[in-house]
Amino acid sequence: MACASFSKLNAPWSPPIDQHSSAKRLVSFSSTRLVSVPTRAKIVGSPGRGILASDESHATCGKNLSSIGLDNSETNRQAYRQFLLLVTYLHDLSKPSSQALAYLSSYSTCKRIGIAGASYLCSPAQKRNLVGKTFCTVGVSKYGENVAEYQSHSHATEDKVGVLLLNLGGPETLHDVQPFLFNLFADPDIIRLPRLFRFLQWPLAKLISVLRAPKSKEGYASIGGGSPLRKITNEQAHALKMALEAKNLPVNVYVGMRYWYPFTEEAVQQIKRDRITRLVVLPLYPQFSISTTGSSIRVLERIFREDAYLSRMPVSIIRSWYQREGYIKSMADLIQKELEKFSNPEEVMIFFSAHGVPVSYVENAGDPYKDQMEECIYLIMQNLKDRGVGNDHTLAYQSRVGPVQWLKPYTDEVLVELGQKGVKSLLAVPVSFVSEHIETLEEIDMEYRELALESGIQNWGRVPALNCTSSFITDLADAVLEVLPAATAISSSRKISDEDDNDFVRYAIKMFFGSVLAFVLLLSPKMILVFKNNLL
């Protein structure tokens, strides 16, 4: 509280406050010193006629007056009591508002690390007893509580808070499939080429997208002609907004897709137009991977570095949240509910199927995805065991593309092996997906289900994606509240690689030779055959 100097407090004054306001410790001021005065005081009577009822005697009052150089006269005692009344009133006013309480938390010490110019909260916890962490310990409350213990902040009411949800995106019509695939494979975090050959990124993406489009169109046609990801993500955004407002934090929630509309760039421009002053970035990927969260963050860093307004905006990025207690509990709830649909639930094999990534991402680039996925499965199974659910389980990886080695074991191979081992009942759990899309609706529900039944598995079940499950949305809201106080501006420093990419001459040369090579490849039947056999 700022110190003030009061020369006269003799004038009558009646503060418009509640009848039972109280302050445990008040402060008296003089022009020369600050004296702490312990007291218990409350306002009695009507707000229009505030009378201070204190447990201090005249002697005690006089002692306090003398301590600040005033005599124990009736006038000074009256002024002193009026001053206590004033400070009590100011104390009530200084209590943080509900909006401030929503995100201004006193938080524990947390190691900060910088990755590609962005400021993250800390490195991921590796110990399995850290259930319920966002990505590090932020906030003094335990996860699962609705609101943390917060302290007031002088600029709380000035902040206009935004939350940006990041997701993959998906084609909404069959006509969108080929350009969507091009955007996907043109991402250097999806197809990681050596620096010397990066000029081939776009031509290669064009070639792969053209060759893969027919098969992909069949898949999307089988689930209704397009991806439901945008619709579901919009519903999640609305649900999150409602959950945060219920926790007294008015926010704007935005959706930014990496490879289709609405693109991340569009969402960021809307954030700027809305004059958001504090932002939480929440990728809808529980586990971090350089090909998902990492790719989206890289785009954000580039946009924010190039914009003066955005580069100064405080931003908190939740890199992963697979350890959060609310997420783990929500997953366990869905699994337990689906298990109960089997005639013999205890005999069901729980089959976790996660989206795969190339092994090189983990071994060469240090992608934590595999470790985080395995820890996530452990936490879910521990939660189920605490409920008395002790089913066997296994983890496999799906959706591999191309001739390179991906994380093993592969989902299709494990399903065949389980059938050969005599497993009759299986419950598929799409653990790395929080929304229904083609990998769940077509790949798991159709392709893998058919393969499982052909392999001897008789009873098939599938856990639905979390979508807008209330406990899941509530936990996401808590995650936003917990990290918001740690928001910091993204670095405005530029990278040499960015400058190289903005060199027009260099860019033109790359595109010229890349286009020539792509043209040659497209006209080569042998090369087309190779791509069809290995990439499709």
For segment 347-476, dividing by residue count, accessible area per residue (probe 1.4 Å) in Å² works out to 40 Å²
According to a simple spin-label model (label point 7 Å from Cα along Cα-to-Cβ), what is the distance in nm between residue 193 and residue 222? 3.1 nm
Three-way shape call for segment 374-458 based on the alpha-carbon gyration tensor, with the a/c threshold at 1.5: oblate
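What does the extension gain come out to for residue 242 and residue 386, with contour length at 0.36 nm per residue minus their alpha carbon separation? Intermediate results must be reported in sequence, preceding the final value.
Values: separation 144, 0.36 × 144 = 51.84 nm, distance 3.14 nm.
Full extension from residue 242 to residue 386 adds 48.7 nm.
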Per the rule of 0.36 nm per residue minus the C-alpha distance, extending residue 424 to residue 344 adds in nm 27.7 nm
Taking 56 Å as R0, compute the FRET efficiency from the Cβ-Cβ separation of residue 417 and residue 488 and round it to 0.05. 0.70
Assuming a ≥ b ≥ c are the square roots of the Cα gyration tensor eigenvalues, decide whether segment 202-336 counts as rounded (a/c under 1.5), prolate (otherwise, with a/b larger than b/c) or oblate. oblate
For segment 294-448, what is the relative contact order in percent, using Cα pairs closer than 8 Å and at least 6 residues apart in sequence? 30 percent
Neighbour cut-off at most 13 other Cβ (10 Å), DSSP loop, GluC sites (Glu not before Pro), segment 298-367: 306, 340
Residue 454-residue 266 pseudo-label distance in nm [points 7 Å out on the Cα-to-Cβ vector]: 3.9 nm
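Carbon and sulfur: what percent of segment 163-283's accessible surface (1.4 Å probe)?
Carbon plus sulfur share of accessible area: 58 percent.
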Once a ≥ b ≥ c are taken as the square roots of the eigenvalues of the Cα gyration tensor of segment 195-273, is the result rounded (a/c under 1.5), prolate (a/b larger than b/c) or oblate (a/b not larger than b/c)? oblate
Find out how many positive minus negative residues lie around residue 230, taking Lys and Arg as positive, Asp and Glu as negative, among other residues whose Cβ is under 13 Å from that of residue 230. -3
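Which pairs, out of 337/370; 241/329; 241/272; 231/408; 241/385, put more than 25 Å between their alpha-carbon atoms?
Flagged as over cut-off: 337/370; 231/408; 241/385.
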Could you tell me which trypsin sites (Lys or Arg not before Pro) in segment 274-362 are loop residues by DSSP with no more than 11 other beta carbons within 10 angstrom of their beta carbon? 275, 341
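The values are calculated or read from the model by the stated rules, or taken from the named source; none is laboratory data. Bear in mind that the values here come from a model prediction, so they are computed numbers and not experimental data. FYI the Cβ positions are ideal-geometry reconstructions off the backbone, even for glycines, and counts take in every protein chain you see. Surface accessibility is based on the protein's heavy atoms, side chains included, excluding ligands, DNA and RNA. Shrake-Rupley method; radii C 1.70, N 1.55, O 1.52, S 1.80 Å.
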